[in-house]
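Below is one structure, written out as structure tokens; the observations come after it.
The values are calculated or read from the model by the stated rules, or taken from the named source; none is laboratory data. Keep in mind that this is a model prediction, so the values were computed, not measured. We place every Cβ from the backbone using ideal geometry, glycine too, and count neighbours over all the protein chains shown. SASA here: full protein model, heavy atoms, side chains in, ligands and nucleic acids out. Shrake-Rupley method; radii C 1.70, N 1.55, O 1.52, S 1.80 Å.
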Amino acid sequence: MPGIVLVGAQWGDEGKGKITDLIANDFDYVVRYQGGNNAGHTVIANGHKLALHLIPSGIMYPNITPMIGNGCVVDPRILIEEMDKLEAEGFSTERLMLSGNAHLIMPYHLKIDEESERKLGDNLIGTTKRGIGPAYQDKAERSGIRVQDLLDEHIFRLKVETALVEKNEWLTKIYNSAPFTAEAICDEYLPYAQRIKPHIVESSQLLNEALRANKWVLFEGAQGTLLDIDHGTYPFVTSSSCTAGGAAIGSGVGPTAINKVLGIAKAYITRVGSGPFPTELFDETGEKLASVGGEVGVTTGRARRCGWYDAVIVKYAAEVNGLTDLCITKLDVLSCLDTIKVCVAYEHEDKRYTTVPGQQTAFHKATPLYEELPGWKTDITGCTSYKELPREAKDYIEFIEELAGVPVSIIAVGPDRDQTIMRRWKPRS
Ligand code: GDP
Ligand code: IMO
Ligand code: MG
């Protein structure tokens, strides 16, 4: 049962798209299991740069079947746009599979996302405004509309009409916003059915058959551990289970199908949107990391907040995901610094924490305790093996590895697929 989960170990944007694409060629399926087009995964290979939001990375390989699992929320307009864009760039989307049980993002979800953020004022979450939270809210509340509902015009119309009874009350009375008509929504959404119908499958059944036939399945996580609805910095999180356990729920395979979990972490750390961030930098170093690292959101174009690598967070990610391997990306970005700090613990009210404090207030107010390591100040973007890295870079990796308690199997030294060091990655062992 060769199932491997790839998961973000920080607050998202760790380079999951790049690494998924890099290792995908060993797999038969690449499956997105949660989230929606709040994700922005960058893949750069053979001179092609793709920014993927819903379609799994790995689409560039003709031998891979990409799948959007039941745990995802799908905006059909965005899905079709993404398929068209890929086709125009010469990548076939014919093999794309979409779970009929995934939930649809509806126009009112986008509006509610926008308006509820506005209502929160200074306390806003800083969402991507893609309707993610409101769509998952309806799923949990059991008023959601699923991909398969698009296949039955009568059912779809009925569900939209039923949903609008409450949504319109909410929109007009709480948000002072215009109501939606079922007619307009159906006119927009029903034609989407024609386009996506050939892709709708019983994904859980298909994946289980594939696993029984010894096919290889890669589960591509979106967002990151600290954005997980249960294990993240709630309420400054997304609304899905981004951690490795979510792969089973969001695709319909048993947890026993998963035999490796690869965590992706940046050599420093970034966050988009609001919420606590103990190692955040507000100085020149932060600005340097942002500019050298090109830290701008792929989905919203927002500037990413930057900070020092936080070993407490990655150790926490190792635990909640059961990481078997770690991949450190963007090591090359640190080449611009004389010395590099790593947060090894926090302090709050005379108490030292080497794990994420259970109480949110302590995490919000935690003072990071750092160890400072020498930099290497050399261009490492051409290094293709571990031994080619400068001693200081190796020391940095080995320090991180020791603190995480998980082997660093892959190291990325540039955005291109080829700019990667496969140190210990053995998917088939
Ligand atoms: P994801 O959401 O986890 O897939 O990450 P994003 O694609 O949102 O952000 C990662 C950014 O870093 C993208 O622009 C990548 O092309 C880039 N990137 C990935 N790995 C490396 C690396 O090792 N070095 C550099 N310089 N850039 C990288
Ligand atoms: P990838 O897969 C970074 C953040 C948003 C916001 C919070 C909630 O590219 O790593 P949402 O729209 O999901 O309700 O927003 O989560 N967020 C991400 N941050 N990378 C992402 O995806 C993100 N997806 C959501 O900025 O703080
Ligand atoms: Mg991203």
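General observations
- In segment 66-84, the count of residues that are in contact (Cβ under 8 Å) with a residue 60 or more places away in the chain, out of contact with any strand residue (DSSP E or B) (no Cβ under 6 Å at 6 or more places or on another chain), within 16 Å of ligand 3 (Cβ to nearest atom) and more than 23 Å from W216 (Cα to Cα) is zero.
- Pair list, Cβ under 9 Å, 6 or more apart: segment 363-384 residue within 28 Å of R417 (Cβ to Cβ) and outside the structural domain of Y353 (by TED's automatic domain parsing), other residue assigned to a strand (DSSP E or B) and within 16 Å of ligand 1 (Cβ to nearest atom): none
- Segment 385-398 residues that are surrounded by 16 or more Cβ atoms within 10 Å (Cβ to Cβ), paired with ones that are among the aromatic types (F, W, Y) and at pLDDT 95 or above (beta carbon under 6 Å, 6 or more apart): P390/W376; E392/W376; A393/W376
- Residue within segment 44-51 that is within 14 Å of ligand 1 (Cβ to nearest atom), touching a Phe, Trp or Tyr at 6+ places or on another chain (Cβ under 6 Å) and either at positive phi or of a type outside the set (S, T, N, Q) (or both) present: no
- Yes/no for E81 being open to solvent by less than 20 Å² (accessible area, probe 1.4 Å) and assigned to a helix (DSSP H, G or I): no
- Those residues of segment 285-329 which are within 18 Å of the chain's Cα centre (by Cα) and of a type in the set (V, I, T), in sequence order: V296, V298, T299, T300, I313, V314, V320, I328, T329
- The number of residues in segment 21-65 being within 28 Å of Q137 (Cβ to Cβ) and free of Cβ contacts under 8 Å to residues at least 24 places away in the same chain comes to 0.
- Subset of segment 31-49 (residues that are open to solvent by less than 10 Å² (accessible area, probe 1.4 Å), within 16 Å of ligand 3 (Cβ to nearest atom) and more than 11 Å from the chain's Cα centre (by Cα)): V43
- Looking only at residues of segment 407-429 that are among the hydrophobic types (A, V, I, L, M, F, W, C) and within 24 Å of H48 (Cβ to Cβ), we find that the one that is surrounded by the fewest Cβ atoms within 10 Å (Cβ to Cβ) is M422.
- Only one entry in G15, G8 is touching a Ser or Thr at 6+ places or on another chain (Cβ under 7 Å), within 10 Å of ligand 1 (Cβ to nearest atom), open to solvent by 10 Å² or more (accessible area, probe 1.4 Å) and in the same structural domain as A244 (by TED's automatic domain parsing), namely G15.
- Candidates in segment 1-30 are the residues that are within 12 Å of the chain's Cα centre (by Cα) and either modelled with pLDDT under 95 or at positive phi (or both); of these, the one that is nearest to ligand 3 (Cβ to nearest atom) is D13.
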